[in-house]
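In what follows, a structure is listed as structure tokens, so that the remarks can point back to it.
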Amino acid sequence: MKETLLEIEGLKTHFITKKGTGRVVDGIDLTVYKGETLGIVGESGCGKSMTSLSILQLVPEPGKIVAGSIKLNGDDLVTKTEKQMQAIRGNHISMIFQEPMTSLNPVITVGEQIAETIRAHQPISRKEARIKSIEMLRLVGIPSPEERAKQEPYQLSGGMRQRVVIAMALACNPELLIADEPTTALDVTIQSQIIKLMKDLQKELNMAVLFITHDLGVVAESCDRVAVMYAGEIVEKSTTEELFRKPKHPYTKGLLDSIPKINEVQEELTPMKGSIPSPFTEHSGCKFADRCPLATDICFEQHPSLVAYENDSYQVRCFHYNESTSGKDVGHAKQS
Ligand SMILES: Nc1ncnc2c1ncn2[C@@H]1O[C@H](COP(=O)(O)OP(=O)(O)OP(=O)(O)O)[C@@H](O)[C@H]1O
Ligand SMILES: [Mg+2]
């Protein structure tokens, strides 16, 4: 039986400005089970980072969570004070950002930075923290960790810096690691190494990972399940295997058709027409309708709900998907 770690229900994060309301996260339901890797994939601007910042209660101004709940082990994070959240960040949930330098202080040695992170969360001496920081550097595969610990970030390569950031994120044994495009700034070989490292550490530490990426190749390599986001909503959710075997939403199909396939004679790649709408655009119908090859009148008039099929083994938000008659509405978005 899978045990629920994080449960997001009906999450809406909006930017309320003079020129209108930007619905950057617009009614998301998402469950992360203990120990699994869940991917969130979608084009730039679809709301992936805002979803992860919402979980950590770090949405920048003028953004605000206006509806929904985010429960970690049953405890709603949306109602927490900043002080309570500080204890949760780092101890229960850690985050790795795309660019390692945003999380590193350029003028402090990496060993000291890891030790400081450990001491911010655990009552141990400086000396113990220093020893543990070297252990962490070893754990993330940094050669000669005693030497490297004494160096400042600029003395390390990009891949090594990202390993240091991972070491910092893991130093306090989080139950959930949110990795927001952790490998996009790295070259492909280093990217694979970092993904493999994260997978190994995840098993070792029995941690769940929320893996945010625009790269379906990375999803295939690293995720158990995946949620496809479009314009602040989830349009398809399934196991990674099912998603690649049989994508169901026209947007997911479009994403898959625009990347090269392995082990197949390459047909021509077909980039998707159009672009993602601004979160400030009002929609009465499906947000994907004007880019969709299947769109009919209903798609421009009514908003489709996320519907679960085959005992909830996958969910699709599309009027034109009707594989089974057992579809069950699971959407909160339609209440908006
Ligand atoms: N301060 C802000 N004010 C208004 N809108 C914002 C602000 N910050 C972000 N947005 C908008 O929120 C939407 C979602 O942004 P988000 O950063 O979550 O996208 P993303 O899916 O992470 O994209 P990427 O793949 O480029 O990282 C975008 O349309 C973005 O323009
Ligand atoms: Mg982002």
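The values are calculated or read from the model by the stated rules, or taken from the named source; none is laboratory data. This is a predicted model, so every value here is computed, not measured. All Cβ positions, glycine included, derive from the backbone under ideal geometry; neighbour counts span all protein chains shown.
Kindly evaluate residue 231 against the criterion of being touching a Phe, Trp or Tyr at 6+ places or on another chain (Cβ under 8 Å) and not β-branched (Val, Ile, Thr). Yes. Would a scan of segment 189-210 turn up a residue that is more than 20 Å from residue 118 (Cβ to Cβ), within 16 Å of ligand 1 (Cβ to nearest atom), within 15 Å of the chain's Cα centre (by Cα) and assigned to a loop (DSSP other than H, G, I, E, B)? No: segment 189-210 contains no residue that is more than 20 Å from residue 118 (Cβ to Cβ), within 16 Å of ligand 1 (Cβ to nearest atom), within 15 Å of the chain's Cα centre (by Cα) and assigned to a loop (DSSP other than H, G, I, E, B). Counting only helices (runs of 4 or more DSSP H) that fall entirely inside segment 42-132 and contain at least 3 residues that are within 23 Å of the chain's Cα centre (by Cα), the qualifying elements are 48-55, 82-91.
Just wondering, is there one or more residues in segment 167-175 that are in contact with a Gly (Cβ under 8 Å, 6 or more places away or on another chain), surrounded by 20 or more Cβ atoms within 10 Å (Cβ to Cβ) and closer than 22 Å to residue 109 by Cβ? Give the steps one after another, and end with the answer.
As a first pass, look at segment 167-175 and keep what is in contact with a Gly (Cβ under 8 Å, 6 or more places away or on another chain): 172, 174.
Applying the additional criterion that residues be surrounded by 20 or more Cβ atoms within 10 Å (Cβ to Cβ) yields 174.
Cutting the leftovers down to closer than 22 Å to residue 109 by Cβ gives us none.
No, every residue in segment 167-175 fails to be in contact with a Gly (Cβ under 8 Å, 6 or more places away or on another chain), surrounded by 20 or more Cβ atoms within 10 Å (Cβ to Cβ) and closer than 22 Å to residue 109 by Cβ.
Consider segment 211-225 and keep the residues that are within 16 Å of ligand 2 (Cβ to nearest atom) and either aromatic (Phe, Trp, Tyr) or in a strand (DSSP E or B) (or both). The one that is nearest to residue 38 (Cα to Cα) is 211.
If only one of 296, 281 is outside the structural domain of residue 20 (by TED's automatic domain parsing), within 16 Å of ligand 1 (Cβ to nearest atom), β-branched (Val, Ile, Thr) and out of contact with any strand residue (DSSP E or B) (no Cβ under 6 Å at 6 or more places or on another chain), which one is it?
When all the criteria are applied, what remains is 281.
Pairs are defined by a Cβ separation below 7 Å, a sequence spacing of at least 6 or placement on different chains, a first member in segment 40-51 that is near ligand 1 (Cβ under 7 Å from one of its atoms), and a second member that is among the polar types (S, T, N, Q); the pairs so defined are 50/13.
Here is a yes/no grid of residues against (1) within 16 Å of ligand 1 (Cβ to nearest atom); (2) crowded, with 21+ Cβ neighbours inside 10 Å:
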position: 214; (1), (2): yes, no
position: 218; (1), (2): yes, yes
position: 231; (1), (2): yes, yes
position: 234; (1), (2): yes, yes
position: 239; (1), (2): no, no
position: 246; (1), (2): no, no
position: 259; (1), (2): yes, no
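All conditions but one from (1) within 11 Å of ligand 1 (Cβ to nearest atom); (2) within 24 Å of residue 200 (Cβ to Cβ) apply to residue 5; the one that does not is (1).
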